[in-house]
1. Among the candidates Cys295, Cys312, which residue alone is surrounded by 16 or more Cβ atoms within 10 Å (Cβ to Cβ) and over 33 Å from the mean Cα position of the chain (by Cα)?
2. Quick one: how many residues across the range 286-344 are within 30 Å of Met356 (Cβ to Cβ) and in contact with a helix residue (DSSP H, G or I) (Cβ under 6 Å, 6 or more places away or on another chain)?
3. What is the number of the single condition among (1) under 37 Å from the mean Cα position of the chain (by Cα); (2) farther than 30 Å from Ser367 by Cβ that Ile253 does not meet?
4. Could you pull out the residue among Lys235, Lys222 that is modelled with pLDDT under 95, over 24 Å from Trp149 (Cα atoms) and either in the same structural domain as Ser152 (by TED's automatic domain parsing) or of a type in the set (Lys, Arg) (or both)?
5. Counting residues that are of a type in the set (Asp, Glu), which strands (runs of 3 or more DSSP E) fully inside the range 306-394 reach at least 2?
6. Output yes when any residue across the range 222-243 is in a strand (DSSP E or B) and in contact with a Lys or Arg (Cβ under 7 Å, 6 or more places away or on another chain), and no when none is.
Amino acid sequence: MTGPLSGVRILEVASHVFVPIAGGVLHEWGAEVIKIEHPETGDPYRSLVTAGLHALHDGIDPSFQFTNRGKQSVAIDLKKPEGRDLLYRLVKDCDVFLTNMRPDARRRLQINVEDIRAHNQQIIYVRGSGYGPRGPDVQTGGYDATAYWSRSGMGSAFTPPGAERPTMQRPAFGDVMGGLTIAGAIAAAMYQRLATGEPSVVDVSLLNVGMWQLQPDITHAKLHPEGQNRVHDRKATWNPITGTYRTRDGRFIHLNMMEGDRYWPDLCTVIGHPEMIDDPRFVDMPARKENARDCVERLDEIFATRDYAEWCDILKSAKGVWAPLQTPLEVHSDPQVAPNGYLADVEMANGTRLAMVTSPAQFDERSVTPGRAPELGEHTEAALLELGLSWDDLVQLKECQAIG
């Protein structure tokens with residue numbers, strides 16, 4: 001395995017997406033990631049297929065795959081003393097312990113900081129949570145839909161005033177951002193340990209990640225409380241060439257030409273209406289701001305005369321910044337995706353292939369190809385044999401159901 005974290009070993013006792021996807025990112029950065037799962041149930045995220053919340057495609061659960069890319073699965077029952085002993089033995093050779101168990105569960109399983117560091121004083125201990133390590137809600141469970149989207153203010157900010165129901169997030173929307181945050185924090189903690197010899201205890205919460213992402217709104221909320229429920233009027237804009245315009249076939253183009261005076265003449269020429277360049281209502285930024293409603297309505301009329309594909313072709317020659325509002329399916333064929341390796345074609349255990357998004361950091365101009373997610377307990381025997389256990393030891397552990 002290559003990458004900036006090559007040689008780093010991560011031990012993960014975590015479930016679902018938020019924390020496990022951090023392990024997936026760390027694998028793509030070169031680390032070896034050992035995922036501990038219960039021998040019978042495994043990560044509860046696997047069972048969402050049975051519950052009907054995840055659909056199988058060619059026998060593969062895509063959501064579990066992109067979350068747990070490249071890991072090893074070791075099936076150990078941590079409720080059994082023999083299982084915990086195996087975990088402690090694995091801990092000795094690891095650099096990072098990664099978990100999203102709540103405090104009570106960590107205490108029952110004896111995997112708190114002091115328990116783990118009793119076997120490896122230099123290990124970096126990482127906790128992902130819904131609401132943080134202090135305060136009245138430390139024991140409260142939190143998914144991204146609750147802690148990240150609902151409680152951080154994100155859902156409210158994305159819901160139009162007067163809407164009958166709140167706008168809801170897409171699946172794992174906050175989890176993937178939180179996982180990337182954890183991965184970055186671990187890299188920083190690795191550097192600190194190298195520089196000072198001191199291992200960190202790292203905490204990342206979904207609530208804090210949501211607040212971080214929404215910080216322009218949160219920072220301004222107390223400064224301008226009267227504007228919190230203001231209805232957005234796209235025609236009352238300071239710059240009509242920043243915003244979305246509907247095409248004839250119902251698609252959208254987003255213009256983001258912040259330097260209005262610089263790009264206005266070119267845009268008018270490109271869209272075939274040079275007469276608008278010197279129109280007194282639109283001749284410069286102050287005029288366009290004063291007559292924003294007229295300008296937006298005129299651009300609305302123009303963009304409604306052609307289909308989305310036509311505008312995408314026409315605007316290629318525009319000097320200002322713009323983008324088409326693509327569907328997730330269209331992203332697969334975006335001309336920037338393949339050259340940069342933003343999607344990888346990954347072979348699954350059953351021989352089928354799955355397109356997976358690569359982590360958004362490249363080192364030395366190299367894209368990566370993620371590994372597939374492991375089958376439950378796929379690496380149990382190999383990992384324990386590497387610890388020095390014999391096949392007879394494994395048989396005894398299976399008999400007492402400490403391993404799968």
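The values are calculated or read from the model by the stated rules, or taken from the named source; none is laboratory data. This structure is a prediction, so every number in the text was calculated from the model and none was measured. Heads up, the Cβs are rebuilt from the backbone with ideal geometry, glycines too, and the neighbour counts pull from every protein chain shown.
1. That would be Cys295, the only listed residue that is surrounded by 16 or more Cβ atoms within 10 Å (Cβ to Cβ) and over 33 Å from the mean Cα position of the chain (by Cα).
2. Of the residues in the range 286-344, 3 are within 30 Å of Met356 (Cβ to Cβ) and in contact with a helix residue (DSSP H, G or I) (Cβ under 6 Å, 6 or more places away or on another chain).
3. (2)
4. When all the criteria are applied, what remains is Lys235.
5. It comes to 343-347.
6. Yes, the range 222-243 contains a residue that is in a strand (DSSP E or B) and in contact with a Lys or Arg (Cβ under 7 Å, 6 or more places away or on another chain).
Results for (1) farther than 22 Å from Ala172 by Cα; (2) more than 26 Å from the chain's Cα centre (by Cα), shown as yes or no for each residue.
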residue	(1), (2)
Trp322	yes, no
Tyr342	no, no
Arg372	no, no
Gly388	yes, yes
Cys400	yes, yes
Gly404	yes, yes
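So that you can scan it fast, the table gives a plain yes or no per residue for (1) assigned by TED's automatic domain parsing to the domain that holds Ala344; (2) more than 19 Å from the chain's Cα centre (by Cα):
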{"position": "Pro4", "(1), (2)": "no, yes"}
{"position": "His16", "(1), (2)": "yes, no"}
{"position": "Gly23", "(1), (2)": "yes, no"}
{"position": "Ile36", "(1), (2)": "yes, yes"}
{"position": "Glu40", "(1), (2)": "yes, yes"}
{"position": "Gly59", "(1), (2)": "yes, yes"}
